[in-house]
Amino acid sequence: MIDLNERLVFFATAAKGTEGALRDELRQLRLRRIRADRGGVHFEGNRADGWRACLHSRIALRILQQLGTFTAVGSDGLYQAVRQINWALYLNPEVTVAVTSYCKDSVLTHTNYIAQVVKDAIVDQQRERLGQRPSVDRKDPDVHVFVHLVANELTIYLDLAGESLHRRGYRAEALAAPLKENLAAAILRLAKWDPETPFIDPMCGSGTLAIEAALRACNVAPGLLRPKMGFERWASFSKQEASVMAEMRAQAKAAVREAPAPIMAMDIDPQAVELTLANAKLAGVKLAHAVQPLDKLALGTGPGLIAMNPPYGRRLAADSSLYNDIARLIARRRHWTVAVLAGDRSIERALPKATRWQGVFNGDLDSRVLMFES
Ligand SMILES: C[S@@+](CC[C@H](N)C(=O)[O-])C[C@H]1O[C@@H](n2cnc3c(N)ncnc32)[C@H](O)[C@@H]1O
């Protein structure tokens, strides 16, 4: 029997450099005992608090629910540790499972091998207790187990959503070099954007920044775009839990509103604007839009946020006249904040000195969010 009020420990994972932004977001969600760490943010709460983070976080990649921590030396230690969990709480032979592992500074060094031992321990326990074993589905498991083995200390987690939360489902297609949705959301928070004020992405590409801005301005919880969360497929998921989750979704839906200020997406490439609008439609948001070059951008008095992800050398052909246009836009920003995701240092050299910056990883690209405040 699952206790709905049981105190649980969670770890929300984040793209490198966005941990602080995620901590601020989880604070706003009024989660407790929040602590930023490398690669994510720890928090505590009851079961529904973990679900709330899944439904509302725009920046987290995964919400992991901790099942236990053990000392686990070698394969035997690992196997025995995993068997200490009562897997019948989450699994039965009809439910599929997958294991993802991470390891560092331990006797065991191969993540695939670790995942195999963990899987064996889980299915052996199920077979002994129930006479049958669950099957493995690596692509779309019902229960996604994560294990971290660091210095022979094992932490076992379940991934609440089951897959990465950045996959919101609104990006049917992307042009070259799209941003991940969770990084776009982190940029908005890093730039301290007030969603009551306007937003402009003057080089929108497939529209990720503008769509994330619109979702936030309209109070659309990103999890509402997802028909089902992973934990709703666990064997233990009860009718009582389903009604708690239904109520949480209904409350999130009731909070949806019209955007209080315009959210604008522009690009020099008509195809990009077309794609942005198609993606916005899938996300259920409306954007003001125009096909126009950055140097033609007319600014109202502000305040508001202009955020962009210009092309740069390693991913797209860099263009110094474009960087000069960005520098001129920064010079005339007045009450607007400008945030530029710079993928290489050549962009930084062409721009004035940022008032603040934050290092982030855009996929595997070591990048910086440069912020020019008024
Ligand atoms: C790296 S992509 C943006 C990707 C976008 N953030 C996404 O998530 O899909 C850069 C975009 O800048 C646009 N661009 C290049 N030069 C421009 C200019 N002078 N004015 C406006 N847009 C421009 C390109 O057409 C391209 O769509």
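The values are calculated or read from the model by the stated rules, or taken from the named source; none is laboratory data. Every value quoted in this text rests on a predicted model; they were computed, and no experiment measured them. Heads up, the Cβs are rebuilt from the backbone with ideal geometry, glycines too, and the neighbour counts pull from every protein chain shown. For the accessible areas, the whole protein counts, side chains as well, though only heavy atoms, and no ligand, DNA or RNA atoms are used. Shrake-Rupley method; radii C 1.70, N 1.55, O 1.52, S 1.80 Å.
Across the accessible surface of the chain, with the other protein chains kept in place and a 1.4 Å probe, carbon and sulfur atoms take up 49 percent.
Apply the Kirkwood formula to the chain: the hydrodynamic radius equals the inverse of the mean of 1/r over all pairs of different alpha-carbon atoms; give it in Å with one decimal. Across the chain, the inverse of the average 1/r is 22.1 Å. Taking a span of 27 Å or more along the helix axis (Cα atoms) and a mean Kyte-Doolittle hydropathy of at least -1.0 as the rule, the DSSP H helices of the chain that qualify are 111-130. Can you work out D for the range 1-132 in µm² s⁻¹ from Stokes-Einstein, where Rh is the Kirkwood radius over C-alpha pairs, the temperature is 25 °C and the viscosity is 0.890 mPa s? Taking Rh from Cα pairs, D becomes 150 µm²/s.
For the range 257-307, trypsin sites (Lys or Arg not before Pro) meeting the loop criterion (DSSP other than H, G, I, E, B) and having at most 15 other Cβ atoms within 10 Å: Arg257, Lys286.
Below 8 Å, C-alpha to C-alpha, sequence gap of six or more: please give me the relative contact order for the chain in percent. Can you show the working numbers first?
Details: 799 pairs, mean separation 57.9, N = 374.
Result for the chain is 15 percent.
Taking the centroid of alpha carbons for each part, the range 20-80 and the range 167-226 are 23 Å apart.
Roughly how many Å² is the accessible area per residue of the range 8-159, as a whole number, for a 1.4 Å probe? All intermediate terms of the calculation are to be shown ahead of the outcome.
Working: 6640 Å² over 152 residues.
Computed with neighbouring chains in place, this is 44 Å² per residue.
Loop-located chymotrypsin sites (Phe, Trp or Tyr not before Pro) in the range 230-299 (DSSP state not H, G, I, E or B) with no more than 10 neighbouring Cβ atoms inside 10 Å do not occur.
Take the chain and mark each of the GluC sites (Glu not before Pro) that is in a DSSP loop with at most 10 other Cβ atoms within 10 Å; the longest unmarked stretch, sites excluded, is 259-374. Taking a sphere under 14 Å around the Cβ of Leu149 and counting the other residues whose Cβ falls inside, with K and R at +1 and D and E at -1, yields a net charge of -2. Rounded to a whole number, what is D in µm²/s for the range 141-224 from Stokes-Einstein with the Kirkwood radius over alpha-carbon pairs (37 °C, 0.692 mPa s)? Answer from the Stokes-Einstein relation: 217 µm²/s. Take every pair of alpha-carbon atoms less than 8 Å apart whose residues are at least six positions apart; their mean separation over the length of the range 8-159 yields a relative contact order of 25 percent.
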